[in-house]
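Here the structure is laid out as structure tokens; the discussion comes afterwards.
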Amino acid sequence: MDTVLHSTLAFRPALQGLDQIASPRVSEHALKEAGLSRAVMEGPPVFLPYRLQARFMQAASLKISEKHIGAYITQDFHYASFGAYADYVLGAPKLDVALARAEKILPFLQRGSVLLTRVAGDHFVLGFDTMLGGAAGANLIDQDLPFVLQSVVREFCGRRWRPSWVEMPEVHRGTETALQYIYNAEVRVGGSAASIAIPLSEIETPNPRTTDERLAMTLAGIRDVRSRQTPSTTKEVVGNALRAQLAMGHADIETVAATLGVSVRKLQRQLTAENTSFKEIRVAEQTDRARSLLSGTDLSVAEVAFNLGFSEVNSFRRTFASWFGISPSKFRKLSGT
């Protein structure tokens, strides 16, 4: 099973960036190739295998014949896109503290990837290793990372700030000239991960925000992030993947297993080892989602059925009655929707 997980909150800026430079048909094609949908991406954050974003980028790159698409879609990236995570990081008093916070909070946004730091002469080098290895499209994610890392520094050093140089893994050798043009900075190939170089003289740059603003952002970030934990068990990982698939009308174990990059048999064994089953997880997700959609939206019963993975509305009605003892329509009426 994939051990590198990525929140759709962190994936979303890539989709938004692609929407800005390509037609909606390209975005929809790339999402489909990754086994995702816009409903999943724009809904409540869920954790999915990071390789799905790599697959999304690869599909978009091939569709429009642009091998540097990773860099182009994040040129205008703003770190605030990460919501509560950004609040916590950008509420720091100085840049070095912000970078320390970014490393501390990363497990709440991703699992498996790592921030890398080192001092090189009179520079502090900040990098990000996706841990995707040679996965298809991983090189395209490498391309977007310098702009993402740069966006943190710019919140302290100004919107015109640029790194002294950018480092890229060996796989990018031969693309230096093109990448230098896009990043507007020297590109050095051969590093262990996509990285940017920050002068040590700037590493303690103070936050331009007021003390009150910083405190409010820090507290808000801590509060919101605590409510979102990265999945740590197979049960939680499956629940996240299933939640995404339900939004596309799928509730079968085969689809979820394929999303997680594992065989159905192996997935079943891992769940059994945790004293649970796919059926138990599916029923828990479906009942919770059914309550939410019937009481909190005006979707028709047929639309609710689809969003729970049912191909036939009558089958959903029977199953719902077995769960709650009443029909979906009566449940909605009692809930006041």
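Table for the structure above
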read-out: Residues satisfying the stated conditions in the stretch 308-325, i.e. of a type outside the set (D, E, K, R) and surrounded by 13 or more Cβ atoms within 10 Å (Cβ to Cβ); value: Leu308, Gly309, Phe310, Val313, Phe316, Thr319, Phe320, Ala321, Trp323, Phe324
read-out: The listed residue being surrounded by 17 or more Cβ atoms within 10 Å (Cβ to Cβ) and either charged (D, E, K, R) or touching a Leu at 6+ places or on another chain (Cβ under 9 Å) (or both), out of Ala244, Ala305; value: Ala244
read-out: One residue from Glu167, Glu204, Glu155 being within 24 Å of the chain's Cα centre (by Cα), more than 30 Å from Phe278 (Cα to Cα) and either β-branched (Val, Ile, Thr) or not in a helix (DSSP H, G or I) (or both); value: Glu167
read-out: Filter result for Phe124 (outside any loop (DSSP other than H, G, I, E, B), within 22 Å of Thr8 (Cα to Cα) and at pLDDT 95 or above); value: no
read-out: Pair list, Cβ under 8 Å, 6 or more apart: the stretch 76-95 residue under 21 Å from Glu204 (Cβ atoms), other residue among the polar types (S, T, N, Q) and in a loop (DSSP other than H, G, I, E, B); value: Leu90/Asn207; Gly91/Asn207; Ala92/Asn207; Pro93/Asn207; Lys94/Thr205; Lys94/Asn207; Leu95/Thr205; Leu95/Asn207
read-out: Selection status of Gly35, assigned to a loop (DSSP other than H, G, I, E, B), of a type in the set (Gly, Ala, Ser) and either assigned by the TED database to the domain that holds Gly83 or crowded, with 18+ Cβ neighbours inside 10 Å (or both); value: yes
read-out: Selection within the stretch 13-24 - surrounded by fewer than 18 Cβ atoms within 10 Å (Cβ to Cβ) and under 23 Å from Phe306 (Cβ atoms); value: Pro24
read-out: Residue identified as part of a helix (DSSP H, G or I), hydroxyl-bearing (Ser, Thr, Tyr) and either modelled with pLDDT under 90 or over 25 Å from Pro44 (Cα atoms) (or both) among Ser311, Ser315; value: Ser315
read-out: Extreme residue, farthest from Pro24 (Cα to Cα), among residues of the stretch 60-113 that are of a type in the set (Gly, Ala, Ser) and surrounded by fewer than 19 Cβ atoms within 10 Å (Cβ to Cβ); value: Ala100
read-out: Every pair of residues 6+ apart whose Cβ atoms lie under 6 Å, when the first sits in the stretch 171-193 and is touching a residue at least 60 places away in the same chain (Cβ under 8 Å) while the second is aliphatic (A, V, I, L, M) and part of a helix (DSSP H, G or I); value: Ile182/Ala71
read-out: Candidates Ala220, Ala241 - the one that is in contact with a helix residue (DSSP H, G or I) (Cβ under 7 Å, 6 or more places away or on another chain), of a type in the set (A, V, I, L, M) and modelled with pLDDT under 85; value: Ala220
read-out: Residue check, Val119 more than 29 Å from Asp224 (Cβ to Cβ) and surrounded by fewer than 19 Cβ atoms within 10 Å (Cβ to Cβ); value: yes
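The rows are residues; the columns are (1) assigned to a loop (DSSP other than H, G, I, E, B); (2) of a type in the set (Val, Ile, Thr).
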residue	(1), (2)
Thr74	yes, yes
Ser81	no, no
Tyr88	no, no
Val97	no, yes
Ala102	no, no
Arg118	no, no
Ala135	yes, no
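The values are calculated or read from the model by the stated rules, or taken from the named source; none is laboratory data. Since the structure is predicted, the reported quantities are computational estimates derived from the model, not experimental observations. All Cβ positions, glycine included, derive from the backbone under ideal geometry; neighbour counts span all protein chains shown.
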